[in-house]
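S.K.: Questions regarding the structure given below will be posed in turn.
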Amino acid sequence: MKKYVLVLMMLLSGFVYAKDPIYTSFFSNKALDGYDTVAYFTDHKAVEGSKQYTTKYKGADWYFSSAKHLAMFKKTPEKYAPQYGGYCAWAIAAKNDFASADPHQWAIVDSKLYLNYDSDIKAKWDKDPKGFIKMGDRNWPNLINK
C-alpha cells in the first residue's frame, strides 16, 4: 500500500510543482529540504540549515547554518542556488521532466550545484555530467515555462 501512495504522490507532485521555479516538498516551503546551499561550496558536504538564518528567494524559504552563509547567499543567490531549481538534474536532462531531489545526492560542476533523486540516479549522472548539463540547459527553459 505504501508503494501505491508513494507512486501517486510522485505523479501528482509533477503537476503541483511544474511551474514552481524552486523545488520544495509538498508539506514545506523549504528549498533543499532546509539544507544550506552555500555549505556545498564552502564545506563540501550537505549541512542542515537553521531557522535562525533564513531568507526568501524565488518564493521558497532558504535555510543556512550560519549568518556568514546567509549573507553570502543574499549577496549572490544565483551563484549558490542549485541549477534547475533544485529539481533532479538527471530527470530534467534525461527525461525532460520534473522529479524531486535528495540534498545528499549532489555535485558541483563548473562552480554550479546540481542535485539528483537518489544514489542510483546520481550514479547515472556521474557517467556524463557535462552531457546531462547540456541536455538539461536545453530542457529547463521549456519545462519551467509550461
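Any read-out appearing in this document is the output of simple, stated calculations on the displayed coordinates, not a laboratory observation. Just so it is clear, the structure is predicted and the values come from calculations on it, not from any experiment. Cβ coordinates were reconstructed from backbone atoms using ideal geometry, including for glycine residues, and neighbour counts include every protein chain displayed.
S.K.: Right, D97: on the phi < 0 side of the Ramachandran plot and among the acidic types (D, E) or not?
M.R.: The answer is yes for D97.
S.K.: Return yes or no: is S65 without any contact (Cβ under 8 Å) to a residue 60 or more places away in the chain, crowded, with 18+ Cβ neighbours inside 10 Å and more than 23 Å from D20 (Cα to Cα)?
M.R.: Here the answer is yes, as S65 does meet what is asked.
S.K.: Of A39, A99, A93, A89, which residue is farther than 25 Å from F27 by Cα, among the hydrophobic types (A, V, I, L, M, F, W, C), buried (at least 18 other Cβ atoms within 10 Å of the Cβ) and touching a helix residue (DSSP H, G or I) at 6+ places or on another chain (Cβ under 7 Å)?
M.R.: Answer to the selection: A93.
S.K.: Out of I108, I121, I need the residue that is more than 19 Å from F26 (Cβ to Cβ), among the β-branched types (V, I, T) and touching a residue at least 60 places away in the same chain (Cβ under 8 Å). Which one?
M.R.: I108
S.K.: Within the range 115-138, is there a residue that is of a type in the set (F, W, Y), buried (at least 18 other Cβ atoms within 10 Å of the Cβ) and part of a strand (DSSP E or B)?
M.R.: Looking for residues that are of a type in the set (F, W, Y), buried (at least 18 other Cβ atoms within 10 Å of the Cβ) and part of a strand (DSSP E or B), one finds none in the range 115-138, hence no.
S.K.: Being under 14 Å from the mean Cα position of the chain (by Cα), in contact (Cβ under 8 Å) with a residue 40 or more places away in the chain and outside any loop (DSSP other than H, G, I, E, B) is the filter here, so list the residues in the range 68-100 that pass it.
M.R.: Y80, Q83, Y84, G85, G86, A89, W90, I92, A93
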